[in-house]
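**Student:** Structure incoming, see below.
The values are calculated or read from the model by the stated rules, or taken from the named source; none is laboratory data. None of these values were measured; they are calculated from a predicted model. To get the accessible areas, we keep the full protein, side chains included, count just its heavy atoms, and leave off ligands, DNA and RNA. Shrake-Rupley method; radii C 1.70, N 1.55, O 1.52, S 1.80 Å.
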Amino acid sequence: MDKYKPQNVNRHSVGDVLFGLFLFLFFRLEAWLCSVPMWATLILHFVIGLSIKWFWATLVVWLLVGVAWYLVLLFARWGAGTAPTVNEKENKNPYSHRENRD
């Protein structure tokens with residue numbers, strides 16, 4: 001057993017990950033700015049008759065980039081806080097004890 005792995009690890013369900021992905025994609029300004037090509041292709045579909053396939057392609061690319069970025073952040077956070085705590089050493093400095101101060 002790995003000594004750095006905590007004993008009481010909370011398991012994430014698929015619903016938790018999907019809810020986090022939803023929040024990540026729809027409540028961040030960067031995600032909306034990256035979706036501009038998707039909206040532009042949708043507008044061009046109605047204005048000049050551009051094929052709707054371009055809209056769906058940009059939608060899929062936007063979702064794949066969002067999912068990839070979310071997974072990078074999820075796995076980067078996954079190992080945080082699992083380092084073992086360092087035992088404090090006994091203070092051997094006689095001048096730093098409270099009882100010796102006047």
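**Student:** Accessible area per residue of the range 18-70 at 1.4 Å probe, in Å²?
**Tutor:** For the range 18-70, the per-residue accessible area is 72 Å².
**Student:** Grab the Cα-Cα distance for Val60 and Val72, subtract it from 0.36 nm times how many residues apart they are, and report the gain in nm with one decimal.
**Tutor:** Here the answer is 2.5 nm.
**Student:** Give me, ordered by chain and number, the residues 5 or more places off Arg28 or on other chains with an amide H under 5 Å from its own placed amide H.
**Tutor:** none
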